[in-house]
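All of the numbers you see were taken from the coordinates with simple rules; none came from a lab. All of these numbers come straight from a predicted model, not from anything done at the bench. All Cβ positions, glycine included, derive from the backbone under ideal geometry; neighbour counts span all protein chains shown.
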Amino acid sequence: MSDSKIQIKVGIVEFSGEGNQDWLAKQLDKILEKIPELLKLDVISPQKPIDQNTSVNDISGKTTLGLSLLNIAGKLNCKSGGDLAIAAAAFLHFAEGKAAFSRDEISSTMKKATGFYKDTMMNNLTKTLSQLEKSGTFTKSSNLYSIQATKVTELNAILSR
């Protein structure tokens, strides 16, 4: 009897399980059948295409494109700590609907970007965030960072493609 672990997230639906592989497969199948209902999606009709004027955010601040952190990091072609800090901030802004975020939120989000994140990025994070402030990408108020409005517009255009 081999134990397995699985964790998936589709929109607002999350499934996490641990146990026998056969049992997990059955549970996952049940969840996958229910996802359209849970998300209140009409799987029969295709989604309307997104044009250049479509915003990544809906009124609630959640992404309408369903972008994950890894999607965002990929679309932004992250190669450096600064790139990944921007991707993390974009994820917090667009996907989580946060207008401002702490250094800890940025760093913990960066660490979740498997394949892009490197431990050395944390060694220079203070300097990286300072440079992003000086370049006009981030604004810092108290101990919270936010993305400058012009950068939000630029990221919105990139992530909408």
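Summary of computed values
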| read-out | value |
| --- | --- |
| Residues that are of a type in the set (Val, Ile, Thr) and within 15 Å of residue 151 (Cα to Cα), drawn from segment 90-137 | 137 |
| Segment 83-134: number of residues that are under 18 Å from residue 9 (Cβ atoms), part of a helix (DSSP H, G or I) and touching a residue at least 40 places away in the same chain (Cβ under 8 Å) | 3 |
